[in-house]
1. Against the longest alpha carbon principal axis of the chain, how many degrees, from 0 to 90 and to the nearest 10, is the axis of helix 301-315 turned?
2. Tell me, for the chain, which Cys residues have no other cysteine's C-beta sitting closer than 4.7 Å.
3. Cut-off under 21 Å on the C-alpha distance; same-chain residues fewer than 8 positions from LYS224 excluded. Which lysines are left, in chain and number order?
4. Find the Rg to Rh ratio for segment 135-225, where Rh is the Kirkwood radius over alpha-carbon pairs and Rg uses the same atoms.
5. Counting other beta carbons within 10 Å of each residue's own, what order do LYS104, LYS218 fall into, fewest first?
6. What relative contact order, as a whole-number percentage, does segment 176-222 give when Cα pairs under 8 Å and 6 or more residues apart are counted?
7. Summing Lys, Arg as +1 and Asp, Glu as -1, what charge do residues with Cβ under 13 Å from the Cβ of GLU357 carry, GLU357 excluded?
8. Between segment 18-61 and segment 232-261, what is the C-alpha centre distance in whole Å?
Amino acid sequence: MKLVVRVKLLPTLVQAAALEATLHACNQAATWAAGVAFEENARRPLELRKHTYAEIRVRWQLGAQAAQHAIKKSCDAYTTLKANLRNGRYGRPGSRRHTRASGKPVVFRPEAAQPYDDRMLSWQHEQQTVSIWSTAGRLKSVAFTGQAEQLEVLAAHRKGESDLVCQGGKWFLIATCEIPEGVLNTQPVGFLGVDLGIVNIAVTSDGERHCGRRVNRKREQDRKLRSKLQKKQTKSAKRRAKKHAGKEARRAKDINHKISKRIVAEAERTGRGIALETLTGIRERARLRKPQRTTLHSWPFAQLGSFIVYKAKRAGVPVVYVDPAYTSQECSKCHHTERGNRPAQAVFSCRVCGFVEHADCNASHNIAHRGWYVWVCGAQSTAPELTLIA
Ligand SMILES: [Zn+2]
C-alpha cells in the first residue's frame, strides 16, 4: 500500500534561499519545456528530451536528474490535462473553458512541486536531516521535523521519489512510502458498522461513541472565532485566521487518528471487518439548523475514512463501503423503515416492533448489516490506493 508522509524542512536562511532559487529554476525550465512540447507537439518524455534537455542544462543550470524531472513533469501535466479534458472537467469540446484549456501550453507556478529521486535527495533519519540537490550545489544537513509516528513510517518504508514544495513560505518534503499490508482476514466473523454524524463524529455498532459534546463545543467556538476574524478585514486578523485554521486542522487530524486507531483495533481484536458509509451525500442527508450544518461541513470525514482504510489495511482488516440511504430511519431489529421512527435527533423508536435505541447506534447497526451483506455478495475491499497521513 502506498502512503504519503509530509515532513517540514527547517532550512537555514541561506539554505531556504537556495531551495527557492532551485524550485523557481525547475519550474521555469518546466514551463519552457511545456511550451516547446506544445509547439512541437512532442509530449512524450523521450521525444521532448531531444528538444529541450541540452538547453535546460545550460540555461537553468539544472543537474541531469533535475532536468529530466522537469521534462517529465511537463509531459505528466499534459497527460493529466488530456485526461481531464476527456472526462469533462473543462466542459464540452468547443466550449470556452475547454478551448482555453486545450489551446495554450501548460504553465507551472514558481512554487509548484518538484520531484526528487534518490540521487538528488538522501535521508539521514537518525539525525533528522536530508542532503538535497540545489542549483547552488548540494545542501547538506537540512533539518526536518514531523510527528513521531510518521517519522517512524518514513524511516522504515520510504521508497521512490519525494516532492519538494513550498507552501505559505514554509518548506516541505512529501515522501512516498510503501507499507506492507497485513494478511487480509478473509473470513471476518462480522462487521463493525461506523456511523458518521454531527452530534457524534463516529458511533460504532458496539455502541462506542467517539467525541460528542466536548469536541462539538470547541468546533462551535472555532466557528465563531472564524466568522469574527473574517468580518475584520485587517492584515493581522487575516494572519490570525490563517494561523487558527492550521491549528484547527491539526487538532481535527489528531482526533481522526485517535478515532480510527480505536475502531481498527477493535475490529482486529474481534476478528471483524469494518463497514463504512460512502461519503457522497452526507451533506445532503443532514437536514439541520444552520449552525449545526456549519459544524458538519467543517469536519474532515473523508480524512477519517482514509485513516480507517489505511490502518485497516496495515492490520489486514477488510473494509467495505455501504450505501447509507435511510440507515437513520430503518429499524435494525425488524427493518421497518419510516421517518417517524426517529422522533428526536438522538432517539430511535420503532413504530412497528417498539425497539428503542440511541439513533446513531441504531444507524451503525444497519451499516454493519449492510456491510455483511456487501461482503457475502462478493464485493471486495473498495479502499482507495493512496492515503495522505501527514
Ligand atoms: Zn422494528
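Values quoted throughout were computed directly from the atomic coordinates according to the rules given, and no laboratory measurement underlies them. Because the structure is a prediction, the values reported are computed rather than measured. For neighbour counting, all protein chains shown are included, and Cβ atoms are generated from backbone atoms with ideal geometry for every residue, glycine included.
1. 90
2. So, CYS26, CYS75, CYS166, CYS177, CYS211, CYS361, CYS377.
3. LYS232, LYS235, LYS238, LYS242, LYS243, LYS247, LYS253, LYS290
4. Across segment 135-225, the Cα-based Rg/Rh ratio is 1.13.
5. LYS104, LYS218
6. Details: 31 pairs, mean separation 10.0, N = 47.
With pairs under 8 Å counted, the relative contact order is 21 percent.
7. Working: positive: ARG209, LYS333, ARG342; negative: ASP195, ASP206, GLU330, ASP360.
Taking every Cβ under 13 Å from that of GLU357, the sum is -1.
8. Here the answer is 37 Å between Cα centres.
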